[in-house]
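Below is one structure, written out as structure tokens; comments come after it.
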Amino acid sequence: MVGSQGLTTYAVSGPNLAAMAEALRAQPGVGQVTPFGNTLHVTGRDAALLRAALAPCADDDDYRVEPIESTLEDVFISLMAGATDNFAGP
């Protein structure tokens with residue numbers, strides 16, 4: 001199930017991850033940014049756009065950016081982000 005969801009995920013570590021998360025969320029190709037311990041999981045469905053969004057981090061010696069396998073949590077968060085709340089009011 002995890003591999004069939006079409007997600008590409010990178011782990012990003014470095015200083016001031018809260019600010020980095022905000023900056024990444026505004027980038028095209030970034031579907032979600034989720035804190036996982038002392039890293040961020042940055043996930044998207046378009047691998048090329050996601051790589052382009054992460055290029056400034058990857059070029060900065062203070063940050064480490066590495067591709068990782070998407071986890072079940074990444075898939076769950078992605079699916080829930082697109083779900084409709086059946087109990088939400090009109």
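List of remarks:
- For A53, the conditions (1) within 11 Å of the chain's Cα centre (by Cα); (2) farther than 22 Å from G6 by Cβ all hold with the exception of (2).
- Residue list for the range 46-64, restricted to those being surrounded by fewer than 18 Cβ atoms within 10 Å (Cβ to Cβ) and of a type in the set (G, A, S): A47, A48, A52, A55, A58
Every read-out reported here was derived from the displayed coordinates using simple, explicitly stated rules and does not represent laboratory data. Treat the numbers as computed from the prediction; the structure is a model and nothing was measured. Backbone-built Cβ (ideal geometry, glycine too); neighbour counts: all protein chains shown.
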